Amino acid sequence: MKIKPGFKFNYSRVSFLRQANNLKAVLGLSLALLVLLNSCYDEMPNNPIPNKAPVTKIFLKPDSGISNQPSKINLHWSGDDPDGLVIGYYFSFDGVNWTFTTKNDSSFELKIGAVDTIFNFLVSAVDNSGNEKYDSQVFQNNINFGAEPFVDKNGNGIWDIGEDYTDIGIIDPNPAKIILPIRNSAPIISWNVLSTIPAVSYPAMTFGWDIFDLDGNETITNIKIALNDTNNAVLLNGGVRIITIRTNDFTNPNPLMDIYIDGNPNGMAPVKLPGLIFDSNNRFYVQAEDISGAKSSWISLPDTSRNWFVKKPKGKVLIVDDYILLDDAAQFYSSMMDSLSLTNKFDILDLNINKLPYLNTTFLETIKLYDNIIWYTDNDPSLNLANAAVQNYLDAGGKIFFSMQFPNDIDLQLIEGFLPIESDTSYYKSSIGINTSIASRDSLNYPNLLTNRSFSRVRSFKLKDVGVKPLYYFPSGVLNGHIGFESSSKNLFFIGGPLQRLDGNPGSIKKLLFQVLFQDFNLTL
């Protein structure tokens, strides 16, 4: 286009027109977009995008089999949600009762019934599409999962405003499932390390055993014990691990034995054990049985390589030989019993030869088979055993005669536990020689004594003010205190020296034993 001379081009007008045209175009485009958006908005309620349910997977560890699982098992699971987050899981063993957890694994103890059992484990993931309010009932997939989990801060058992809760969203309608065939394992039983058996004993003995069950020791329902014949076994509670068996029915050739649980006479079992054979070899058996009826093997004491001979008590007197030194002590006491017309009417328990299991318990129940005990020792007596057993024996009506020496260093409080002495004072001499007098404060009934041989580690005591009768002392002042005494109730006598070395006055020891046993202790033949 040619522009005539003198023509002026109006730039502002052109610019305005251009801008107007541009604005018109923009307005038209905006209107079109509004129409389009309005159209989309009108159609959205008719075609919503649904929330997708999470998907759950379950698995065992790679090294875990299924066919031979024990009743304790560890399971793992995971969940994936395509349009949200997995906040937890519901799991169940029956498809009815469900438990919520935020964990991805757990260990379960599957209780076995009377036979091997198949368990079905189900788990469903939960997403985060909750309704932002607490629901007292969650009902989905035709299952009532119960109330939403919450933190019960005030402990009243119900959800209150302000308490945190888990807002349950969509629950996987297709739970992951695993089938768990659980095979029951038979228990394994073995003897406790303290359970030994002496070659010879009297009809009181303690046994203890250990049990292991892969399914849990709580599955043990019965303990079976038997003497000599497992066909005559008796049942005890599955929790029993230690028993003491004992009988004082000596007139019956087939006695029934009391069973003390844990060695406690106050915990006597309601059943008695048959099968004991007096003056013969015996064998004790035990077996464990679990809830499914699976049984351990029978184990026995002693095993077939050894014997356990059970003696029938001959009378009312037991001599406890707690003597280690090699001299004529054993023969001396046997001769004394013969001289007192007790031939074949007493028994001897040698603590150094026949080692008793569960010593305190078995020893106490053994001496309780007798009315009277003569316990003689050298200067290394079984003080712990005496402290544990003597008072219980006396409380049960027993009577005891001590001929006891002591070591150089002793705990007087330990001795005070079974003798009526003051624990703060004792008098000691390393030895006394032959022809040393030991005088009696009641020589009419208790003879004066005289040493016929020396003995070492001599000890006398300061006695308590009440409950004891002082009897023997050293008139020459060799030692202060008393070396012999008797309880006021006349059920305990003590002399602090070996009787076979105190018989310098012929017949004096026989007279002393006669006075104590037959007069003070009221022993009858």
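The values are calculated or read from the model by the stated rules, or taken from the named source; none is laboratory data. All figures in this text were calculated on a predicted structure; none of them were measured in a lab. All Cβ positions, even for glycine, are placed from backbone atoms using ideal geometry, and neighbour counts span all protein chains on display.
Conditions tested, residue by residue: (1) crowded, with 20+ Cβ neighbours inside 10 Å; (2) touching a Phe, Trp or Tyr at 6+ places or on another chain (Cβ under 6 Å); (3) at pLDDT below 95; (4) among the hydrophobic types (A, V, I, L, M, F, W, C).
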residue: Trp308; (1), (2), (3), (4): no, no, no, yes
residue: Lys314; (1), (2), (3), (4): no, no, no, no
residue: Gln331; (1), (2), (3), (4): no, no, no, no
residue: Ser334; (1), (2), (3), (4): no, no, no, no
residue: Phe346; (1), (2), (3), (4): yes, no, no, yes
Go through the range 381-395 and count every residue that is of a type in the set (Gly, Ala, Ser) and either out of contact with any helix residue (DSSP H, G or I) (no Cβ under 7 Å at 6 or more places or on another chain) or not assigned by TED's automatic domain parsing to the domain that holds Ile495 (or both). 2
In the range 492-515, what residues are of a type outside the set (A, V, I, L, M), in a loop (DSSP other than H, G, I, E, B) and buried (at least 18 other Cβ atoms within 10 Å of the Cβ)? Gly496, Gly497, Pro498, Gly504
Identify, please: which residue in the range 62-88 is more than 14 Å from Asn104 (Cβ to Cβ) and part of a strand (DSSP E or B) and is, among those, modelled with the lowest pLDDT? Gln69
Given (1) of a type in the set (D, E, K, R); (2) at pLDDT below 90; (3) more than 40 Å from the chain's Cα centre (by Cα), number of the condition Asp135 does not satisfy: (2)
Any residue in the range 251-272 that is β-branched (Val, Ile, Thr) sitting within a Cβ distance under 6 Å of a residue that is part of a strand (DSSP E or B) and loosely packed, with under 15 Cβ neighbours inside 10 Å? List the pairs, counting only those 6 or more apart or interchain. none
Selection within the range 396-451 - assigned to a strand (DSSP E or B), touching a residue at least 40 places away in the same chain (Cβ under 8 Å) and surrounded by fewer than 16 Cβ atoms within 10 Å (Cβ to Cβ): Glu422, Thr425, Tyr428, Lys429
Please determine whether any residue of the range 281-291 is over 30 Å from Phe108 (Cα atoms), loosely packed, with under 15 Cβ neighbours inside 10 Å, of a type outside the set (Lys, Arg) and modelled with pLDDT of 95 or more. yes
Residue list for the range 189-211, restricted to those being in contact (Cβ under 8 Å) with a residue 60 or more places away in the chain, part of a loop (DSSP other than H, G, I, E, B) and either at positive phi or of a type outside the set (Val, Ile, Thr) (or both): Leu194, Ser195, Pro198, Ala199, Tyr202, Pro203
Given the conditions (1) within 16 Å of Asn505 (Cβ to Cβ); (2) modelled with pLDDT of 95 or more; (3) not acidic (Asp, Glu), which single one is not true for Ser460? (1)
Out of the residues in the range 190-225 that are surrounded by 22 or more Cβ atoms within 10 Å (Cβ to Cβ) and of a type in the set (A, V, I, L, M, F, W, C), which is farthest from Leu356 (Cα to Cα)? Ile220
In the range 160-189, the residues that are of a type in the set (A, V, I, L, M, F, W, C), over 41 Å from the mean Cα position of the chain (by Cα) and crowded, with 19+ Cβ neighbours inside 10 Å: Ile168, Ile170, Ile171
In this structure, does Tyr285 turn out to be in contact with a helix residue (DSSP H, G or I) (Cβ under 8 Å, 6 or more places away or on another chain) and assigned by TED's automatic domain parsing to the domain that holds Leu340? no
Residues being among the aliphatic types (A, V, I, L, M), farther than 19 Å from Asp262 by Cβ and either assigned to a helix (DSSP H, G or I) or free of Cβ contacts under 8 Å to residues at least 12 places away in the same chain (or both) - total across the range 373-388: 2
So which residues in the range 357-372 are touching a residue at least 40 places away in the same chain (Cβ under 8 Å), of a type in the set (A, V, I, L, M) and either more than 21 Å from Phe494 (Cβ to Cβ) or surrounded by fewer than 22 Cβ atoms within 10 Å (Cβ to Cβ) (or both), if there are any at all? Leu369
Given the conditions (1) within 20 Å of Leu419 (Cβ to Cβ); (2) not in a loop (DSSP other than H, G, I, E, B), every one holds for Phe518 apart from (1)
Which residue is farthest from the chain's Cα centre (by Cα), if the candidates are limited to the range 454-478 and must be within 17 Å of Leu412 (Cα to Cα) and in a loop (DSSP other than H, G, I, E, B)? Asp465
